[in-house]
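Working notes, beginning with the structure itself.
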Amino acid sequence: MDPSERPFLPPRPVPPGEPDELGEAGEAAAAPTVIVLASGRGERFRASGGTVHKLDAPLDGRAVRERTLAAVRASGLPWHVEDAGHPGMGDSIAAAVRATIDAAGWLVLPADLPLVEPATLRRVARALCAPSPSPADPDAPAGLAAHAVQPVHDGRRGHPVAFSAACRDDLLRLAGEFGAAPVLRRLRAAGRVTELAIDDVGIVTDIDTLADLAAAEALLLSRVAPPAAG
């Protein structure tokens, strides 16, 4: 079995004689929560000619939102949908963190990424649970646990971006249109961001316009198309 297809199992030290496996209760407690951001107004999509909200737009017969949620459910990770009206993405993230305040960490996933793979969500979660990198800043506290993981496809940074539980207070203070960018920028400057190379174009295939929707449908159909006859 491909390692990325296994159920989520966060890495941890295993005492001698103890099975290298977590029970369902321990696994659920240790896994970070996927927060699906579905509060945006989708104005660019309508401006491009869309007649419905972009998350309700059909993508090969299934709404964009439903395709994203299907991947999240299939990942086996705990999840929360933030779909109340908020002024900006930062406000949405803060509200979602507040609603899942005891989570072991968070994967921030905009709902307009319908091609992201369940295995990608699990890989990002495992990377978040791995030992955090040492800070580049020599003046940073030695035991600093705040860190993030950002997946990268073909040189492009994408989502979900994962944040450790130690980022909670910073995430709760977010507001405005720039999402978690201020927190990520500070962590990156301190050498606390792991960039994870992933062969999944879904992490950068967001739906903002009708052209984006058409491109996503072409990618989706290419995944399921039968191989050409030799």
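One table, with the values for the structure above:
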| read-out | value |
| --- | --- |
| Count of region 127-156 residues which are in a loop (DSSP other than H, G, I, E, B) and either within 14 Å of Val193 (Cα to Cα) or modelled with pLDDT under 95 (or both) | 18 |
| Residues of region 155-186 classified as among the small types (Gly, Ala, Ser), more than 18 Å from Ala104 (Cα to Cα) and free of Cβ contacts under 8 Å to residues at least 24 places away in the same chain, total | 2 |
| Filtered residues of region 207-216 (kept if surrounded by fewer than 16 Cβ atoms within 10 Å (Cβ to Cβ) and touching a residue at least 40 places away in the same chain (Cβ under 8 Å)) | Ala211 |
| Ala111 crowded, with 19+ Cβ neighbours inside 10 Å and either within 25 Å of Ala57 (Cβ to Cβ) or of a type in the set (Val, Ile, Thr) (or both) | yes |
| Test result for His159, at pLDDT below 95, assigned to a loop (DSSP other than H, G, I, E, B) and within 20 Å of Asp170 (Cβ to Cβ) | no |
| Elements of type helices (runs of 4 or more DSSP H) in region 165-230, at least 2 residues being over 30 Å from Thr100 (Cβ atoms) | 210-224 |
| Members of region 95-107 that are over 15 Å from Thr194 (Cα atoms) and buried (at least 21 other Cβ atoms within 10 Å of the Cβ) | Ala96, Val97, Ala103 |
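The values are calculated or read from the model by the stated rules, or taken from the named source; none is laboratory data. None of the values given here were measured: they were computed from a predicted structure. Don't worry about glycine lacking a Cβ; one is built from the backbone with ideal geometry, like all the others, and counts go over all protein chains shown.
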